[in-house]
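Step one of this worksheet: look at the structure below.
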Amino acid sequence: MSEIREIVTRAVVCKGKKTIRINTTVPLTDTANKILGCFVTANQISTELLNEKVKVNGNFEINIWYLTENSNTTNVTKSSLTYEDTIKVRKIICDVIGNNLSVVTSLLQEPTCMNAEICNDGIKVEVLLEVLAEVIGETKMMVTTFACQETNDAFDDFENEINEDFLNEEG
């Protein structure tokens with residue numbers, strides 16, 4: 001016979017994801033002739049819940065390796081960048097108990113330099129990242145339970161089948 005029970009648990013109640021595109025210009029101390037590489041490192045992200053949205057704050061460092069104008073030397077420039085965006089989340093579960101909500105975020109795509117080009121002011125860089133935001137809260141669930149029909153008879157019979165003198169027997 002089965003019964004239906006109601007349990008309270010923490011679960012994902014809202015979810016959303018967003019691709020964030022950041023365009024910036026990194027200033028240079030000398031003139032660049034050619035870009036040899038552009039890398040994003042040291043990404044840090046924090047989030048907070050604001051009604052039906054998750055506010056994302058982050059920062060990272062852009063490292064650009066380039067050939068100087070006289071084409072004899074290379075140089076690396078570093079620039080720190082902060083960003084802010086919001087992710088709209090949609091409800092997955094409507095019956096949320098209380099206001100004890102927390103946000104869990106993960107990066108589906110780490111910040112990556114998608115494009116870098118030389119301009120008058122320095123180097124224009126386009127960085128792309130994708131963030132998944134999940135709002136965790138308490139909710140009620142209905143679960144089906146089944147009564148235990150097993151007996152311990154099988155275990156009792158097993159004990160009777162054990163030969164305690166098996167080491168003493170000659171074989």
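In table form, for the structure just shown:
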quantity: Search result, residues across the stretch 39-66 that are acidic (Asp, Glu) and either at pLDDT 90 or above or crowded, with 17+ Cβ neighbours inside 10 Å (or both); calculated: GLU48, GLU61
quantity: Qualifying position, being surrounded by 11 or more Cβ atoms within 10 Å (Cβ to Cβ), closer than 24 Å to LEU36 by Cα and of a type in the set (S, T, N, Q), among THR86, THR77, THR73, THR105; calculated: THR77
quantity: Test: LEU36 is in a strand (DSSP E or B), among the hydrophobic types (A, V, I, L, M, F, W, C) and surrounded by 15 or more Cβ atoms within 10 Å (Cβ to Cβ); calculated: no
quantity: Of all residues making up the stretch 41-66, the number that are outside any strand (DSSP E or B) and touching a Cys at 6+ places or on another chain (Cβ under 9 Å); calculated: 1
quantity: Test: GLY137 is over 28 Å from PRO27 (Cα atoms), modelled with pLDDT under 95 and part of a loop (DSSP other than H, G, I, E, B); calculated: no
quantity: Flag for THR77 being closer than 22 Å to THR29 by Cβ and hydroxyl-bearing (Ser, Thr, Tyr); calculated: yes
quantity: Positions within the stretch 67-114 being in a strand (DSSP E or B), within 29 Å of LEU50 (Cα to Cα) and aliphatic (A, V, I, L, M), in sequence order; calculated: LEU81, ILE87, VAL96, ILE97, LEU101, VAL103, VAL104, LEU107, LEU108
quantity: Residue in the stretch 15-30 that is without any contact (Cβ under 8 Å) to a residue 60 or more places away in the chain and exposed (fewer than 15 other Cβ atoms within 10 Å of the Cβ) present; calculated: yes
quantity: Unique match (being in contact with a Lys or Arg (Cβ under 7 Å, 6 or more places away or on another chain) and either modelled with pLDDT of 80 or more or of a type in the set (D, E, K, R) (or both)) among VAL143, VAL125, VAL96, VAL103; calculated: VAL143
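The values are calculated or read from the model by the stated rules, or taken from the named source; none is laboratory data. Keep in mind the model is a prediction, meaning the values are calculated, not measured. Methodologically, a virtual Cβ is constructed for each residue, glycine included, from the backbone with ideal geometry; neighbour enumeration extends over all protein chains shown.
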